[in-house]
1. What does DSSP give for the chain in terms of the percent of beta bridges that are antiparallel, rounded to the nearest 5?
2. Over 32 Å between Cα atoms, which of LYS78/LYS252; LYS78/LYS101; LYS78/LYS149; LYS149/LYS219 qualify?
3. For segment 3-44, with only Lys/Arg (+1) and Asp/Glu (-1) charged at the beta-carbon, what is the dipole magnitude about the Cα centre, in debye rounded to 20?
4. About the Cα centre of the chain, what is the dipole size in debye to 20, counting +1 per Lys and Arg Cβ and -1 per Asp and Glu Cβ, all else neutral?
5. Given points 7 Å out from each Cα along the Cα-Cβ axis, report the ARG109 to ARG199 separation in nanometres with one decimal.
6. Pick out, from VAL39, ALA12, THR192, the residue whose Cα sits farthest towards the positive end of the charge dipole of the chain, with +1 on the Cβ of Lys and Arg and -1 on the Cβ of Asp and Glu.
7. Hey, any idea what the orientation-averaged projected area of the convex hull of segment 9-148's Cα atoms comes to, in nm²?
8. Report, by chain and number, residues whose modeled amide H sits under 5 Å from the one on VAL62, excluding near sequence neighbours (fewer than 5 apart, same chain).
Amino acid sequence: MNITRLDGKTVAITGAGRGIGAAVVLRLLELEARVIAMVQPGTRHPDLDAIPAALAARLSVVPIDVTSTESVSAAAAKCRELAKGVDVLVNNAGIIEPIGKLADVDPDRWAQVLAVNAGGAMRCARAFLPMLIDRQGALINMSSGAAYKPMEGWSAYCASKAALVMVSRSIDLEYRTQGVRMFSLGIPPTDTSMQASIRHSGINEVSLIPQGELHPPAKTAEVVAWLCSPEARGFDKLEIDVRDEAFAPILKEWQ
């Protein structure tokens, strides 16, 4: 289970400005891919700015508001203009706050979590599907164990990830025969700013995980990179997790 170079491949990633998204960008660039990092308009992205110039030559940064159909359509058009198409779309954009019991959270902020995590992924998938069909490409939706298990204080996040899983299943059902490979990738608790918010909340057992025991973003990035590679073309399992035994051979350095 090795990863060959990805030269000639173009990968677009939402939520690419920091954390897991930025780690995926860096790993794909190291493997010679052409990468389009899609970020929230008006935000800073120091992780992307720190990428070495030799790698950044194959990187483009495109603004996107995943809750806006117009913005998503414009971003997809820009990707087509920049690279003549996309081989893989990684739907990574996601938020978790508000964290709190249902009666204590603002309902509009609650609904915004679904709008970003599930609605945003749907909009992006819809806009990029013609390119993915054309290139017989792959779509990776970043999921979570929270999609399958309710967690105290996370009603919005759990609901959004459960919805995202169903979106992934629907895409697989409707577009597999047209050559689109769909992956719903479960992400373990990872050392990112989102996890810092979770620790600060002090709600449920995930908030109690010591920072030193969290998964590094690079670990998820390695799995995503493999899913983008030619070696994954025969891999047809829809719902997967970074911790699956199937990925152990490519994660040897973390064992």
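1. Expressed as a percentage, antiparallel bridges in the chain total about 0.
2. Long pairs (Cα-Cα over 32 Å): LYS78/LYS252; LYS78/LYS101; LYS78/LYS149.
3. 100 debye
4. The dipole magnitude comes to about 520 debye.
5. 2.1 nm
6. Working it through, the farthest residue towards the positive pole turns out to be ALA12.
7. 9.0 nm²
8. ALA37, MET38, VAL39
The values are calculated or read from the model by the stated rules, or taken from the named source; none is laboratory data. On a predicted model such as this, the values are computed, not experimentally measured, just so you know. Neighbour counts are summed over all protein chains in view; Cβ atoms, including those assigned to glycine, are modelled from backbone coordinates with ideal geometry. For accessibility, only protein heavy atoms count, side chains too; no ligands or nucleic acids. Shrake-Rupley method; radii C 1.70, N 1.55, O 1.52, S 1.80 Å.
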